[in-house]
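The values are calculated or read from the model by the stated rules, or taken from the named source; none is laboratory data. Owing to the predicted nature of the structure, the values given are computational and were not obtained by experimental measurement. Neighbour counts run over all protein chains shown; Cβ positions are idealised from the backbone, glycine included.
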Amino acid sequence: MSVTILALETSCDETSAAVVADGSKILSNIISSQVDVHQKFGGVVPEVASRKHLELLNYVVEQALAESGLGFGDLGAVAVTYGPGLVGALLVGVSAAKAIAYGLDLPLVGVNHIESHIYANFTVNPDLNFPLLCLVVSGGHTDLVYMERHGCFRVMGKTRDDAAGEAFDKVARTLGLGYPGGPLVESLAKEGNPEAIKLPRAYLEKGSLDFSFSGLKSAVINYLHRAEQKHDEVNRADLAAGFQSAVSDVLVDKTIEAAAETGISTILLAGGVAANGRLRADLLEKAGKKSLKVNIPPLILCTDNAAMVGCAAYYKFLRDEFAPLTLNAVPDLKLGEERYEGNFRRIIF
Ligand code: KG4
Ligand code: ZN
């Protein structure tokens with residue numbers, strides 16, 4: 001079935017609108033980043049993010065339509081991220097999507113943010129064969145997800161403390177690099193030797209597919225404090241490179257272990273941390289040695305954007321999974337869960 005969807009994404013600090021046809025034809029994907037605004041605070045300030053979304057969203061939608069060459073009359077549905085994320089930020093997108101859907105009498109599709117990160121993979125490769133194993137690594141999540149079919153998710157492992165992106169952001173702050181941490185740590189790490197400073201890797205109990213990054217983060221902080229007390233010079237590039245490779249090793253090793261356990265031969269990578277060059281290269285190399293296929297979205301579709309929302313929404317549209325106009329923001333929405341007003345449904349096989 002053919003449908004063109006206007007998708008909105010405002011879950012954190014990117015205001016984005018996209019026009020996507022049939023899940024994989026991205027006619028436009030406008031992303032307005034608020035990085036400059038939050039930089040001076042060293043991280044995202046939720047109230048400021050909501051106000052910025054409010055200021056920017058109409059312009060971003062106008063631009064997305066203009067760039068697609070289409071008008072409101074060409075749309076078949078409106079989609080929006082309704083959780084998880086910052087509640088005030090989510091509300092801006094949800095309210096706008098509901099207004100557009102109501103005004104144009106179009107079906108509304110509510111999309112889970114983590115699901116949309118996974119679906120970034122289907123924008124470039126709609127013919128991926130199930131079952132699939134997906135490593136989702138973002139600022140708020142680190143999940144290993146088993147997908148038996150479209151819309152069906154089983155979390156096999158997740159972080160017990162910090163998400164991978166959160167660890168990058170905290171280490172960046174400790175190293176005095178600022179915000180957003182991930183790309184800054186990555187560029188500093190390029191000048192360092194990942195073997196020079198040995199840092200711990202938390203593999204947890206045998207057979208566990210969970211993750212833990214708080215010990216690694218503390219090890220970086222302690223290393224810096226000890227050096228400071230002894231007035232030793234620290235090679236920050238070596239420290240950044242050591243940290244990055246410790247994160248990447250655990251993420252990749254556990255993903256390959258999960259593939260072996262489930263017998264799945266195709267791995268997807270998703271989320272903001274999927275933009276990390278070291279992680280992308282390590283996964284491709286180690287999975288390649290085991291003859292596993294790896295799918296990684298282009299950089300622009302790894303971090304928050306509305307095209308991935310339009311893609312996830314397409315498959316929900318095909319399954320007739322529409323949201324009511326009472327749709328609300330759900331900041332703690334879980335993967336595989338729908339939480340509409342008066343309707344709470346879990347879709348797990
Ligand atoms: O998916 P995302 O854009 O937003 C969330 O849903 O959280 O992910 C943002 C996270 C941040 O923690 C950011 O530091 C991290 O992804 N990130 C990276 C890189 N680019 C973004 N981490 C490591 N290396 C990168 N190149
Ligand atoms: Zn995200």
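Observations, loosely collected:
Yes/no matrix, rows are residues, columns are (1) over 26 Å from K206 (Cα atoms); (2) not small (G, A, S):
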{"position": "L269", "(1), (2)": "no, yes"}
{"position": "G277", "(1), (2)": "yes, no"}
{"position": "V294", "(1), (2)": "no, yes"}
{"position": "T303", "(1), (2)": "yes, yes"}
{"position": "D332", "(1), (2)": "yes, yes"}
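- Among residues of the range 1-35, those that are within 16 Å of ligand 1 (Cβ to nearest atom), in a loop (DSSP other than H, G, I, E, B) and not hydrophobic (A, V, I, L, M, F, W, C), counted: 4
- Qualifying position, being in contact (Cβ under 8 Å) with a residue 12 or more places away in the chain, within 16 Å of ligand 2 (Cβ to nearest atom) and within 19 Å of R160 (Cβ to Cβ), among V252, V273, V220, V247: V273
- Residue within the range 254-274 that is under 23 Å from the mean Cα position of the chain (by Cα), within 16 Å of ligand 1 (Cβ to nearest atom) and surrounded by fewer than 17 Cβ atoms within 10 Å (Cβ to Cβ) present: no
- The set of residues in the range 285-305 being within 16 Å of ligand 1 (Cβ to nearest atom) and surrounded by fewer than 16 Cβ atoms within 10 Å (Cβ to Cβ) consists of P298, L299, I300.
- Checked against (1) within 13 Å of D304 (Cβ to Cβ); (2) more than 16 Å from ligand 1 (Cβ to nearest atom), H117 passes all but condition (2).
- Test: A101 is touching a Leu at 6+ places or on another chain (Cβ under 8 Å) and either among the hydrophobic types (A, V, I, L, M, F, W, C) or not assigned by TED's automatic domain parsing to the domain that holds S138 (or both): yes
- In a residue-by-residue description of the range 44-53, the property of being among the small types (G, A, S), in contact with a Phe, Trp or Tyr (Cβ under 8 Å, 6 or more places away or on another chain) and over 21 Å from A120 (Cβ atoms) applies to no position.
- Top-ranked residue of the range 107-135 - restricted to ones that are aliphatic (A, V, I, L, M) and either part of a helix (DSSP H, G or I) or surrounded by fewer than 18 Cβ atoms within 10 Å (Cβ to Cβ) (or both), ranked as nearest to ligand 2 (Cβ to nearest atom): I114
- Cβ-Cβ contacts under 9 Å between residues 6 or more apart (or on different chains), taken from a first residue in the range 38-60 that is in contact (Cβ under 8 Å) with a residue 24 or more places away in the chain to a second residue that is assigned to a helix (DSSP H, G or I) and among the basic types (K, R), are listed as H38/K52; G42/R173; G43/R173.
- Evaluation of E337 against (1) modelled with pLDDT of 95 or more; (2) more than 16 Å from ligand 2 (Cβ to nearest atom); (3) not assigned by TED's automatic domain parsing to the domain that holds F168 (one fails), failing number: (1)
- Filter result for G178 (surrounded by fewer than 23 Cβ atoms within 10 Å (Cβ to Cβ), outside any helix (DSSP H, G or I) and at positive phi): yes
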